[in-house]
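I'd like to ask some things about the structure below.
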Amino acid sequence: MAQQRQRSMSGTIPSMESDHQALRDNTVIIVLGASGDLAKKKTYPALFGLFRMGFLPKGVKIVGYARTKMDNAEYLKRITSYIKNVDDDEGKAKLEEFKQLSTYVSGGYEDGESFDKLNQYLQEIESGYQSKERNRLFYLALPPSVFIPVAKNLKQHCYSDTKGSINRVIVEKPFGKDLESCRELLRSIKEHWTEDETFRIDHYLGKEMVKNLLVLRFANVAMNAAWDKNSISNVQITFKEPFGTEGRGGYFDEFGIIRDILQNHLLQVLSILAMERPVSFSAEDIRDEKVKVLRAIPPVEREDTLLGQYVAANGKPGYLDDDTVPPNSVCPTFTATTLWIHNPRWEGVPFILKAGKALNEAKVEIRIQFKDVTQGIFKDISRNELVIRIQPAEAVYLKLNAKTPGLYTRAFPTEMDLTYKRRFLDAHIPEAYESLILDALKGDHSNFVRDDELDVAWKIFTPILHWIEGRSGQVPRPVSYPYGSRGPKELEAFIQKYGYKRGTEGYAWPVTNLAVL
Ligand SMILES: NC(=O)C1=CN([C@@H]2O[C@H](COP(=O)(O)OP(=O)(O)OC[C@H]3O[C@@H](n4cnc5c(N)ncnc54)[C@H](OP(=O)(O)O)[C@@H]3O)[C@@H](O)[C@H]2O)C=CC1
Ligand SMILES: O=C1O[C@H](COP(=O)(O)O)[C@@H](O)[C@H](O)[C@H]1O
């Protein structure tokens with residue numbers, strides 16, 4: 001009781017503390033697709049980060065699995081190639097320890113014998129355990145084409161069923177290509193794995209500023225009071241990447257920017273931003289509210305959508321110049337689309353989602369623009385805007401009007417700025433994958449995607465995706481934009497159509513590049 005009181009006093013949200021079955025020891029983490037891009041760039045660096053901070057289960061072992069034949073030295077070289085900040089003695093020693101607990105097994109994804117071999121290998125590792133409990137966390141860092149056979153083979157050949165054992169499977173996006181294929185994928189995985197055992201990753205849910213939304217919204221009376229159609233004019237959720245699809249063109253062309261970013265990452269952000277306050281902060285209550293708000297969104301309309309594709313500029317190749325992209329592809333690499341939420345809180349407020357590759361900068365942010373000040377002494381003053389910058393340089397700033405210093409009463413646009421690196425100096429902001437793998441080890445589903453969330457998310461986007469693919473006869477052609485630009489020139493008129501107003505002259509944007517501070 002005393003402990004509970006102390007937690008609440010320090011600001012912890014009580015029901016977010018774990019009542020889950022955490023994997024504390026006797027655990028093997030198996031990374032399937034260990035030879036791939038995601039494993040190298042995200043999964044292993046996150047596993048190392050957790051190991052270094054002491055968050056992996058005691059005595060944990062990590063087993064990589066893929067078809068590629070390679071010896072342990074080659075495997076270790078690959079999986080550590082993206083691990084950073086290990087130049088000091090402590091870092092070097094920890095990395096050596098991490099290598100000691102990581103090994104590799106090669107095998108196929110479709111045949112049972114390969115998985116029997118993997119199982120035997122796991123049993124050898126587990127033969128040294130003191131108790132019968134054998135926990136296995138399977139991480140599928142694999143292309144979706146093999147999710148189904150791998151999920152089946154793991155259950156049939158590698159499932160640990162000794163008393164007290166826990167098996168979990170982490171699945172990466174994309175979860176299907178439309179409503180129908182998603183349902184089929186979910187159904188097939190559910191034949192073998194329970195919802196409780198399944199952790200569907202959308203790594204945006206592990207990002208610090210996305211997790212912050214719950215606190216910003218529900219721990220601040222002032223913020224919450226203005227969070228509706230009475231105060232807010234429009235909301236933009238923006239994803240910008242400064243590089244194209246080079247090298248990933250084959251994958252990308254099959255999926256496009258809507259499936260790659262909007263239908264999952266941006267829609268997840270929207271759902272947390274717009275949902276009602278959950279009854280508690282348990283995984284199920286949060287996800288119930290997310291589903292509820294998503295159900296109030298009708299499918300995206302063609303008239304509310306702007307499609308773009310980048311062309312060569314500034315010495316950089318266009319999308320169609322990539323050899324892995326089919327000639328004349330009309331796959332959008334940029335999309336802006338407006339969603340409407342038909343509920344009492346949000347009726348009439350446009351939520352503009354924008355995402356693009358090969359743009360002028362790397363930035364992901366939420367921009368909430370408030371309504372004009374109603375008639376009064378001020379004319380033509382800037383609107384308030386609350387900006388939550390998810391990356392880079394995490395920040396929350398509120399653009400507001402203040403009196404210009406001096407003897408005149410003139411309004412001047414400025415901001416209250418909470419830039420994390422300035423305010424929290426040396427704070428370690430965890431990588432999204434560190435946070436999510438830790439949640440999966442703890443058994444906490446709050447930041448993973450539930451099956452019914454996917455169903456409603458696909459309902460919103462499937463009609464527009466089918467139209468883009470020409471299922472209704474004609475194929476829409478995206479407008480072009482130069483590599484390295486802000487996007488299609490039509491974008492400005494698009495966002496203004498939904499009521500977005502640029503501020504008055506004289507506003508100096510907060511510094512986003514902290515290197516210059
Ligand atoms: N890369 C990233 O930054 C991100 C990726 N993801 C998701 O993570 C998953 C893995 O992505 P990523 O690592 O980039 O993918 P890769 O293309 O690198 O594939 C991972 C591994 O899977 C095996 N593989 C590749 N293609 C096939 C195939 N057609 N059939 C069977 N096996 C194949 C290969 O291993 P081997 O041949 O050795 O068996 C490969 O090393 C995907 O679902 C992706 O959408 C999600 C977010 C970001
Ligand atoms: O899921 C994906 O996300 C990355 C962007 O992730 P971020 O954490 O760097 O913002 C994107 O590049 C990729 O195309 C997409 O599949």
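Within the range 364-416, which chymotrypsin sites (Phe, Trp or Tyr not before Pro) sit in a loop by DSSP and count at most 11 neighbouring Cβ atoms inside 10 Å?
Numbers: sites: Phe370, Phe378, Tyr397, Tyr408; in loops: Phe378, Tyr408.
Listed in order of number, the matching sites are Tyr408.
Straight distance only, please: which aspartates and glutamates reach the Cα of Lys229 with their own Cα at less than 12 Å, same-chain residues fewer than 8 apart left out?
Glu347
While we're looking at this one, here's another question. Taking R0 as 56 Å, what FRET efficiency do you get between Asn328 and Thr162 from their Cβ-Cβ distance, rounded to the nearest 0.05?
Details: r = 56 Å, r/R0 = 1.00.
Given R0 = 56 Å and the Cβ-Cβ separation, E is 0.50.
Once you have a ≥ b ≥ c as the square roots of the Cα gyration tensor eigenvalues for the range 2-172, tell me rounded if a/c is under 1.5, and otherwise prolate or oblate according to whether a/b is larger than b/c.
Values: a/c = 1.74, a/b = 1.27, b/c = 1.37.
In terms of gyration-tensor shape, oblate.
Can you give the charge dipole size of the chain about its Cα centre, rounded to the nearest 20 debye, using +1 on the beta carbon of Lys and Arg and -1 on the beta carbon of Asp and Glu? Walk me through the intermediate numbers first.
Working: 70 positive and 69 negative charges, 240 e Å.
The calculated dipole for the chain is roughly 1160 debye.
Starting from the amide H of Tyr104, placed 1.01 Å from N in the peptide plane, find each other amide H under 5 Å away whose residue is 5 or more places distant or on another chain.
Here the answer is Gly64, since their amide H atoms fall under 5 Å of that of Tyr104.
What is the helix-to-structure angle for 283-295, meaning the angle in degrees between its Cα long axis and the longest Cα principal axis of the chain, kept from 0 to 90 and rounded to the nearest 10?
50 degrees
Output ³J(HN,Hα) for the range 353-367: one whole-Hz value per residue in order, computed from phi by the Karplus curve 6.51 cos²θ - 1.76 cosθ + 1.60 with θ = phi - 60°, and x for Gly and Pro.
So the J values, rounded to whole Hz, are 9, 10, 8, x, 9, 6, 9, 7, 7, 9, 6, 10, 8, 10, 10.
With 10 angstrom as the radius, rank Cys182, Cys158 by how many other C-beta atoms surround their C-beta, starting from the fewest. Intermediate results must be reported in sequence, preceding the final value.
Details: Cys182 21, Cys158 24.
Ascending Cβ contact count within 10 Å gives the list Cys182, Cys158.
I need the phi-derived Karplus couplings for the range 227-232: 6.51 cos²θ - 1.76 cosθ + 1.60, θ = phi - 60°, integer Hz, Gly and Pro marked x.
Values per residue, Gly and Pro as x: 8, 6, 5, 6, 10, 9 Hz.
Quick one: angle between helix 179-190 and the longest Cα principal axis of the chain, in degrees between 0 and 90, rounded to 10, please.
It works out to around 30 degrees.
I would also like to ask the following. Using square roots of five times the C-alpha gyration tensor eigenvalues, list the equivalent-ellipsoid semi-axes of the chain in whole Å, biggest first.
Details: eigenvalues 325, 158, 106 Å².
That gives 40, 28, 23 Å for the three semi-axes.
Indicate the gyration tensor shape class of the range 382-468 (rounded, prolate or oblate), computed on the Cα atoms with a ≥ b ≥ c the square roots of the eigenvalues: a/c under 1.5 is rounded; otherwise a/b larger than b/c is prolate and the rest oblate. Don't skip to the end; give the middle numbers.
Details: a/c = 3.97, a/b = 1.60, b/c = 2.49.
Here the range 382-468 falls in the oblate category.
Here is a further query. Which of Leu140, Leu407, Leu38 comes first, and how do the rest follow, when ranked by fewest Cβ neighbours within 10 Å?
Fewest-to-most Cβ neighbours within 10 Å comes out as Leu407, Leu38, Leu140.
Next question. Reachable lysines from Lys357, Cα under 21 Å, same-chain residues fewer than 8 places away excluded?
Cα-Cα hits under 21 Å: Lys41, Lys42, Lys173, Lys177, Lys207, Lys240, Lys316, Lys489.
Then there's this: Under 15 Å from the 7 Å Cα→Cβ point of Val373, by amide nitrogen: which residues of the range 397-414?
399-405, 408-414
Another one. Can you run phi through the Karplus equation (6.51, -1.76, 1.60; θ = phi - 60°) for the range 484-500 and list ³J(HN,Hα) in whole Hz, with x for Gly and Pro?
x, 8, 7, x, x, 5, 6, 5, 4, 5, 4, 6, 5, 4, 9, x, 6
Find the relative contact order for the range 154-248 and round it to a whole percent, using C-alpha pairs within less than 8 Å whose residues are 6+ positions apart. Walk me through the numbers on the way to the answer.
On the way: 40 pairs, mean separation 20.6, N = 95.
Relative contact order for the range 154-248 comes out at 22 percent.
Over the chain, what is the mean sequence separation of C-alpha contacts under 8 Å (at least six apart), divided by residue count, expressed as relative contact order in percent?
Details: 912 pairs, mean separation 85.9, N = 517.
Reported relative contact order: 17 percent.
Further question on the same structure: With a point put 7 Å past each Cα toward its Cβ, work out how far Asp71 is from Val479 in nm, to one decimal.
Placing both labels 7 Å along Cα→Cβ, they lie 5.8 nm apart.
Something else about it: Of His157, Tyr139, His20, which is farthest towards the positive pole of the range 2-172's charge dipole, taken about the Cα centre with +1 and -1 on the beta-carbons of Lys, Arg and Asp, Glu respectively?
Of His157, Tyr139, His20, it is His20.
Shape verdict for the range 151-209, please, from the Cα gyration tensor: rounded (a/c under 1.5), prolate (a/b greater than b/c) or oblate.
Details: a/c = 2.89, a/b = 1.31, b/c = 2.20.
Oblate shape, in that a/c is at least 1.5 and b/c is the bigger or equal ratio.
Taking Cα pairs under 8 Å and at least six residues apart, what relative contact order does the range 57-180 come out at, in percent? Working shown, then result.
Details: 122 pairs, mean separation 31.5, N = 124.
Reported as a whole number, the value is 25 percent.
Go through Lys399/Lys459; Lys99/Lys354; Lys354/Lys421 and tell me which ones have a Cα-Cα distance over 31 Å in this structure.
On the way: Lys399/Lys459 35 Å; Lys99/Lys354 41 Å; Lys354/Lys421 26 Å.
With Cα atoms farther than 31 Å apart: Lys399/Lys459; Lys99/Lys354.
Shifting gears a bit: May I ask you to order 269-281, 437-449, 85-97 by the average number of other C-beta atoms within 10 Å around their residues, highest value first? The partial results should precede the final answer.
Values: 269-281: 18.8, 437-449: 21.5, 85-97: 11.8.
Peptide ranking by packing, descending: 437-449, 269-281, 85-97.
Follow-up question, since we're still on this one. Just for the chain, what percent of DSSP beta bridges are antiparallel, to the closest 5? All intermediate terms of the calculation are to be shown ahead of the outcome.
Numbers: 40 of 75 bridges.
Antiparallel bridges: around 55 percent, rounded to the nearest 5.
Be a star and scan the range 32-51 for residues whose amide nitrogen sits under 15 Å from the point 7 Å along the Cα-to-Cβ vector of Ala362.
Within reach of a label on Ala362: 41-42.
So, in nm, how far is label Leu418 from label Glu490 when the simple model puts each one 7 Å beyond its Cα toward the Cβ?
So the two model labels end up 3.8 nm from each other.
Every number in this text was worked out from the coordinates using simple rules, so none of it is lab data. For clarity, every value in this text was computed on a predicted model and none was experimentally measured. Positions of Cβ are backbone-derived with ideal geometry, glycine not excepted, and every protein chain shown enters the neighbour counts.
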